[in-house]
């Protein structure tokens with residue numbers, strides 16, 4: 001359920017190596033990686049002129065994209081025998097919603113939580129912006145798709161964000177540049193919650209609020225876990241919403257795995273930004289490893305790869321959850 005605040009007055013472990021010995025037997029590629037790319041509807045395709053307001057058909061199609069993206073990056077992780085699966089599962093719906101139902105053609109996205117890079121690569125492949133051969137090369141020798149977002153290799157990834165805590169600062173600089181150049185460009189930045197341990201994030205937050213950068217939308221993937229434990233045990237963040245309001249933000253909280261909730265959060269942010277020169281931040285409540293029982297809400301899913309049985313179980317569970325979601329969205333008003 002969407003909750004709002006401050007609107008009343010407005011009516012890790014080191015990454016595994018990429019040598020061929022890390023691939024599962026024979027270096028075989030899961031079939032999902034070699035399937036033809038999806039052909040999304042025109043009104044939902046990346047770069048739509050205006051944000052989409054999905055009806056029932058749109059919500060179901062967005063859910064189709066979510067499932068496809070998840071299956072893509074699970075196959076990538078399986079082939080690479082790599083970790084960071086839980087981090088990608090916690091933000092897949094957010095990434096899909098941003099690209100297909102919020103961002104415009106000239107907008108920019110920064111994945112500050114760079115350890116979820118495979119989810120971003122899968123999203124770009126879903127939008128036909130990366131090729132099947134690109135995806136096949138993930139984590140391999142000479143790839144342009146390493147474990148963390150690369151420097152200058154992909155137009156849609158403007159910065160490398162492997163070192164946590166810098167994405168919001170980069171986004172603030174881009175947003176300010178757009179204002180100074182009088183460009184109608186927005187920047188969307190997704191950070192992790194564990195990343196909020198970094199002082200540079202809060203410095204950027206002060207700057208964004210001070211400069212009233214309303215062309216920047218900050219989203220926080222609030223899955224309550226980080227590489228070494230629960231966020232409240234490692235470095236307590238709560239009351240997070242109150243802290244962000246004190247820094248000068250309008251705060252929206254939403255269910256980061258529910259497309260209807262994400263749509264409501266988008267619409268609320270749009271209204272708020274139109275009514276006030278105060279930047280917004282979305283706290284997206286999520287679950288690390290969402291939808292896969294062996295990984296869900298477990299810190300181990302930040303690191304551990306899947307075996308064959310876990311991979312097959314994950315695909316089955318995602319298929320079942322997708323069917324239930326589509327049925328629910330079909331009944332949405």
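Read the figures in this text as sums done on the coordinates, not as results from a lab. The model shown is predicted, which means the values in this text are computed figures rather than measured ones. Here the Cβ is made from the backbone with ideal geometry for all residues, glycine too, and neighbour counts use every protein chain on show.
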If you take the square roots of the eigenvalues of the alpha-carbon gyration tensor of segment 285-330 and sort them as a ≥ b ≥ c, do you get rounded (a/c under 1.5), prolate (a/b over b/c) or oblate?
-> oblate
Whole-angstrom gap from segment 229-270 to segment 137-158, using each part's C-alpha centre = 30
Please label the shape of segment 146-246 as rounded, prolate or oblate, based on the square roots a ≥ b ≥ c of the eigenvalues of the alpha-carbon gyration tensor (a/c under 1.5 means rounded; beyond that, a/b larger than b/c means prolate, else oblate).
-> oblate
For segment 205-325, the Rg and Dmax computed from alpha carbons only, in angstrom = 17.3, 52
Report the label-to-label distance for residue 298 and residue 275 in nanometres (one decimal), using points 7 Å from each Cα along the Cα→Cβ vector.
-> 4.5
Assign one of three labels to segment 212-269, namely rounded, prolate or oblate, based on the Cα gyration tensor with a ≥ b ≥ c the square roots of its eigenvalues; rounded applies when a/c is under 1.5, prolate when it is not and a/b is larger than b/c, and oblate otherwise.
-> oblate
Quick one: which of 184-191, 132-139 comes out on top by average Cβ neighbours within 10 Å, and what's the full order, highest first?
-> 184-191, 132-139
Ranked packing of 253-263, 227-237, most packed first, by mean Cβ within 10 Å | 253-263, 227-237
When only Cα pairs under 8 Å and 6 or more residues apart are kept, what is the percent relative contact order across segment 205-313?
-> 36
Which distance in Å, rounded to a whole number, links the C-alpha centroids of segment 289-333 and segment 99-135?
-> 20
Size descriptor, Kirkwood hydrodynamic radius, that averages inverse alpha-carbon separations across segment 80-210, Å = 15.4
